Amino acid sequence: MAEQAETLLIRIRAAMPALRPSERRIAELFVGDPSTAANLSIAELAARCETSTTSVVRFYQRMGYAHYKHFRIDLTRAVAREELAAASLPEVSGDIDRNDSLEGIVSKVAMNETLSIADTARMLDMEALGEAVARLLAARRIDTFGVGASALVGLDLQQKLSRIGRTAINWHDSHSAWTSAATLDPGCVAVAVSHSGATVDTVEFLAIARKAGAATVAITNFRESPLARAADVTLTTAARETRFRSGALGSRIAQLMVVDCLFTGVAQASYDASMEALRNTYAVIHDRRVKRA
């Protein structure tokens, strides 16, 4: 129950895209002002969100609770946890505003990214991470793909894997990614990155790779997304989206954190070979730096 309480707000955020409009209004109130929402009765909550009490019941049941009382208790605990986690951060709140100073922007971005990383670490499925590490270890070839900011994350994974001697290819163009995915086989792994899990080109890449017989890994913020359904293994982030899109920064940072965990797991499982490869690749770059006079 304690673990469920700790992750309640994270799970509400992750579920929002798949909710009905009436349920999404309820979720937005809990995410936007959880302290106030936790003190509302079912009837008060329904009135505040302009929906029915049936929608409220359906919402908390979707979150895994049989009784609203238990949901409210865990929500209060989740709020307390977030307040404690943010206690050491600058005292800021809300999205980036047009009147914010540069100092305020720095504080809000720092808080968003710090909490995104902390929430992702708390939510990351260790069994899924272990399975993804095992599949990459066994792979003859690894293809990565993402669109926009997620493309940078896919490139980061490809570069890291190449540094330890893994055959990894990152695709920048969707058509190239699709044609490559069609040539994969059971000895290969396709890794797709998408915050929403609904980017059409990225979902198609993973679906083609799976049809070709390759193992498929998704890195996304939403477990019930089309991308997750096309994956054998899903690694879920817990980034925070905001109206100003500062959450887009948080999503990229959370994805990079998952990539670092995935890469480190692969490197550790092949420790001696990986350390030798890292030493060799470091030496090649270091030796080509401009010598000081």
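The values are calculated or read from the model by the stated rules, or taken from the named source; none is laboratory data. In this text the structure is predicted, and so the values were computed from the model without any measurement. As a convention, Cβ positions derive from the backbone with ideal geometry for all residues, glycine included, and neighbour counts pool all protein chains shown. For the accessible areas, the whole protein counts, side chains as well, though only heavy atoms, and no ligand, DNA or RNA atoms are used. Shrake-Rupley method; radii C 1.70, N 1.55, O 1.52, S 1.80 Å.
In region 248-293, of all residues being aliphatic (A, V, I, L, M) and surrounded by fewer than 11 Cβ atoms within 10 Å (Cβ to Cβ), the one that is modelled with the lowest pLDDT corresponds to 293. Of the residues screened, residue 150 is one that is under 19 Å from the mean Cα position of the chain (by Cα) and hydroxyl-bearing (Ser, Thr, Tyr). None of 121, 132, 139, 151 is touching a residue at least 40 places away in the same chain (Cβ under 8 Å), of a type outside the set (Val, Ile, Thr) and surrounded by fewer than 17 Cβ atoms within 10 Å (Cβ to Cβ) except 121.
Filtering region 31-48 to residues that are open to solvent by less than 50 Å² (accessible area, probe 1.4 Å) and of a type in the set (A, V, I, L, M) leaves 31, 37, 38, 40, 42, 45, 46.
Which of the residues spanning region 185-208 are open to solvent by less than 10 Å² (accessible area, probe 1.4 Å) and over 21 Å from the mean Cα position of the chain (by Cα)?
Result: 188, single match.
Each residue in region 82-117 was checked for being modelled with pLDDT of 70 or more, of a type in the set (D, E, K, R) and either surrounded by 10 or more Cβ atoms within 10 Å (Cβ to Cβ) or assigned by the TED database to the domain that holds residue 34 (or both), and 6 pass.
Considering 144, 167, the condition of being under 25 Å from residue 271 (Cβ atoms), of a type in the set (Val, Ile, Thr), out of contact with any Gly (no Cβ under 6 Å at 6 or more places or on another chain) and modelled with pLDDT of 95 or more is satisfied by 167 alone. For region 49-76, the set of residues classified as basic (Lys, Arg) and crowded, with 18+ Cβ neighbours inside 10 Å consists of 72 only. Among the residues of region 155-212, those that are assigned to a helix (DSSP H, G or I) and among the charged types (D, E, K, R) comprise 156, 160, 163, 201, 204, 210, 211. The residues of region 163-184 that are open to solvent by 50 Å² or more (accessible area, probe 1.4 Å) and touching a residue at least 12 places away in the same chain (Cβ under 8 Å), listed by number, are 163, 165, 166, 167, 169, 171, 172, 178, 182, 183. Against the definition (crowded, with 17+ Cβ neighbours inside 10 Å and either at pLDDT below 95 or out of contact with any Lys or Arg (no Cβ under 6 Å at 6 or more places or on another chain) (or both)), how does residue 213 come out, yes or no? So residue 213 does not fit the description; no.
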